[in-house]
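Here is the structure we will look at, set down as structure tokens.
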Amino acid sequence: MCLYCKDKDGGLVGDYKNGKYLKIGLLGLGTVGSGVAQLLAANEDHIAQRAGVNIKVKQALVRDINRVRPMDCVVPLTTRAEDILDDPETQVIVEVMGGQEPAFTYIMEALKRGKHVVTANKDLLANYGKELFAAAKEAGVDIYFEASVGGGIPIIRPLKDSLAGNRIEKVYGIVNGTTNYILSQMDQGITYEAALQQAKENGFAEADPSADVLGLDAARKIAILASIAFGARVRAADVTCVGIKDLEPLDLAYARELGYKVKLLALAQEIDGAVDVRVRPALLPHHHPLAAVDGVLNAIMVQGDAVGEVMFSGQGAGRMPTASAVVGDIIEVAHNISSGVKGRNGCTCFAAKPFCPPHKVRSSYFVRLEVQDKPGVMAKVAKAFGDAGVSLWSVIQKRQTERGAEIVIITHPTQGQNFDQALSALQSFPETFAIHQPMIVEGDEAYVAGHH
Ligand SMILES: NC(=O)c1ccc[n+]([C@@H]2O[C@H](COP(=O)([O-])OP(=O)(O)OC[C@H]3O[C@@H](n4cnc5c(N)ncnc54)[C@H](OP(=O)(O)O)[C@@H]3O)[C@@H](O)[C@H]2O)c1
């Protein structure tokens, strides 16, 4: 179907002026789906001008047709996926239902029928990206997925297009609003449990927050970003992952005293041709741009060999910010259809690259210990690190606890295996009462120095 007419000079005249429509089908009309319908309706003329065609939601698939929907999204509903997938008029399928199944099957069916797909589903992209892109290529259609990482923040297309001339050295950032909110609250001195409760009450955490607090949501997002940045397939299962649930307000307080802010960092870098992808609680110096990103906000830094460091920040979730990203993708698809371009947004995983074994990756570490308060213990602790080949950057004895003394240590950059060896030795000492959740230290001179 031609969406554009050409004027006498061959210029495009949008069919939106002629009352023609690009019809889309929504799979899901929940938070994001209803936001998409609302945005397409509210900015109809503006979007038609940008897309060159009117865009109309023909139908939306839902589970429960009787559920009360927001007043601002009046869309015909169906509970039968085939009503949308088999509809010859529907050219674009927008999958905003979430989860792996039946979303995966529906997308594959849509692709097979030659429909373009826009999705916000990080779960699918991070686990089945290869299969989805292969099916899209086979069918000669496109899949766009800007909303799958960073909600409203444009990051997928900048990485794929605007920064394509760079060799990307590192992508890292705060990609989970729930944990960033919890950490921001804990920074005010409240416990993890109380901060999580506040997040739930404010609608920033789901009833089951495990995917967020264990770092699994961030793992899916950094897998997607790493795949694009390094041109090699990274799946969620390839990401080594530590969440925030074992952190205590004291860890954040001590970090602050030392000039750092604690963030859950999703990080991907290429080291000597191998890919290191991790999610870790991390200390960032106060002057680091990511240290200022608080609450539910997200931010992603990209380091390229030509551009240097660029930062993308904003609302990483929510109805309208996420709808903004989805609608941007729909407009891009409209452009592709109108200019007869197919398969423009193809797979960018051109190479197979090995992963860095986590124990070989170098980082600086922060760790808080509780040990017996008696002569010689400090020396024994220092020796455990020394014997493991880890040099210490800072050792501070903090308060007395009921059991003994609390020591906060920051190491110089060291391989994960050396740090683990030191912790195993400490664990075996009768004088050690507790080793709290270690964190990496990022964006510091010490860390950078260790990399060269
Ligand atoms: N929420 C955000 O801020 C955000 C941000 C970025 C990305 N995302 C992603 O966007 C996607 C959608 O998230 P959401 O928050 O909008 O989810 P949601 O509010 O739970 O909405 C899901 C929608 O899909 C429908 N649905 C689910 N399973 C279905 C099934 N088996 N058959 C038919 N309909 C089904 C639901 O129908 P009913 O309405 O009848 O229940 C609902 O309308 C997810 O992949 C999520 O990761 C969300």
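The values are calculated or read from the model by the stated rules, or taken from the named source; none is laboratory data. Just so you know, these numbers come straight off a predicted model, no measurement behind them. When we count neighbours, we look across all protein chains shown, and the Cβ atoms used for this are built from the backbone with ideal geometry, even at glycine.
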Name the residue, out of 329, 373, that is within 16 Å of the ligand (Cβ to nearest atom) and not aliphatic (A, V, I, L, M).
-> 329
Looking at 226, 299, 266, which one is within 16 Å of the ligand (Cβ to nearest atom), outside the structural domain of residue 130 (by TED's automatic domain parsing) and crowded, with 24+ Cβ neighbours inside 10 Å?
-> 266
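Which residue, of 155, 174, 182, 143, is over 22 Å from residue 230 (Cβ atoms) and modelled with pLDDT of 95 or more? Can you show your working first?
Details: 155 fails: over 22 Å from residue 230 (Cβ atoms); 174 fails: over 22 Å from residue 230 (Cβ atoms); 143 fails: over 22 Å from residue 230 (Cβ atoms).
Just a single option satisfies the conditions, and that option is 182.
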Considering segment 48-68 alone, what residues qualify as being within 16 Å of the ligand (Cβ to nearest atom) and among the polar types (S, T, N, Q)?
-> 59, 66
Which condition breaks for residue 77 when tested against (1) among the hydrophobic types (A, V, I, L, M, F, W, C); (2) in contact with a helix residue (DSSP H, G or I) (Cβ under 9 Å, 6 or more places away or on another chain); (3) within 16 Å of the ligand (Cβ to nearest atom); (4) modelled with pLDDT of 95 or more?
-> (2)
Which residue pairs have Cβ atoms under 9 Å apart, sit 6 or more places apart or on different chains, and have a first residue in segment 330-358 that is among the acidic types (Asp, Glu) and a second that is in a helix (DSSP H, G or I) and crowded, with 19+ Cβ neighbours inside 10 Å?
-> 332/51; 332/146
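Residue-wise test of (1) buried (at least 18 other Cβ atoms within 10 Å of the Cβ); (2) more than 15 Å from the ligand (Cβ to nearest atom); (3) within 15 Å of residue 244 (Cβ to Cβ).
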| site | (1), (2), (3) |
| --- | --- |
| 124 | yes, no, no |
| 133 | yes, yes, no |
| 138 | no, yes, no |
| 144 | yes, no, no |
| 167 | no, yes, no |
| 177 | yes, no, yes |
| 194 | no, yes, yes |
| 201 | no, yes, no |
| 215 | yes, yes, yes |
